[in-house]
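Remarks on the structure that follows.
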Amino acid sequence: MNCSKELYVFFVASVACCLIGCSVSHSVSHAEKRSSTQQRRSSTASLQFIDDIHLYPEQRGSTASSSNHRTDDGEDRTYTSPLTATGLQQKYARLLQVSPALIRNLALYQFIDNWLGTPYKYGGDDEQGIDCSAFVQRLYDEVYHIRLDRTALGLYRIMDLIRNQADLREGDLVFFHTGRGKHINHVGVYLQNRYFVQASTSNGVIISNLDEPYWKQHYAVGGRIQATDREDMAGR
């Protein structure tokens, strides 16, 4: 009889221990999960965007700057940049390695920002694909309201040529001979600090530097529209 009582007491004690252990384990697990959730929330809250630069296409239009440009048919088109004016200055100041204060022609850089990454297409002249001379033509038409020739060689023939690269300024054209001969077959638009924007056959619309080996080897000459001065170009 005493043996049976001892077994009963041992059984009850064992069950009680198991119940207490499960309750403690559940409480600890719940506390750990709550702590992990709080840490994730704290980490997420600490993430911040910098420089007022939006990286994703769906953010276009929010806190954006816009600029009106005249199209080929005489109508006004409004380009909306995903960057604010300050963000646009900061972005292109970094790309060109200049002071943001030197990024003054916002219409020019908004135009470039809208076209960067557009694929190259020989004979193309829209967002589906564009070639070098069509890109220059559209830039001049929509930013400076100046109508230019459609071909690189045609542009070269109407320019005041700039032999010294040190004399190049924003908005000038830069010509290249990328084929076997020395004839002009490629053109871009000079920006600042030896950088220029172009529609290249391999990368589409891109910003390049005159000191890159390929462009240094194939550079021909700079060009400026006849009778166009700095104030005229900057104010259009």
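Can you give me the distance in nm between label points at Tyr219 and Arg147, each placed 7 Å from the Cα along the Cα-to-Cβ direction? Placing both labels 7 Å along Cα→Cβ, they lie 3.3 nm apart. Applying 0.36 nm per residue to the separation of Asn209 and Asn193 and subtracting their alpha-carbon distance, the gain on full extension is 4.9 nm. Peptide packing: for 97-104, 86-93, the average count of neighbouring Cβ atoms within 10 Å per residue gives the ranking 86-93, 97-104, highest mean first.
Net charge of the neighbourhood of Tyr190, taken over other residues with C-beta under 11 Å away and scored Lys/Arg +1, Asp/Glu -1, is 0.
Estimated at 0.36 nm per residue, the fully extended path between Asp125 and Arg163 surpasses their Cα-Cα distance by 10.7 nm. In the complete set of protein chains, residue-level accessible area for Lys216 is approximately 140 Å², probe 1.4 angstrom.
Peptide packing: for 219-225, 201-207, the average count of neighbouring Cβ atoms within 10 Å per residue gives the ranking 219-225, 201-207, highest mean first.
The values are calculated or read from the model by the stated rules, or taken from the named source; none is laboratory data. All of these numbers come straight from a predicted model, not from anything done at the bench. For neighbour counting, all protein chains shown are included, and Cβ atoms are generated from backbone atoms with ideal geometry for every residue, glycine included. Heavy atoms of the whole protein, side chains included, go into the accessibility calculation; ligands, DNA and RNA do not. Shrake-Rupley method; radii C 1.70, N 1.55, O 1.52, S 1.80 Å.
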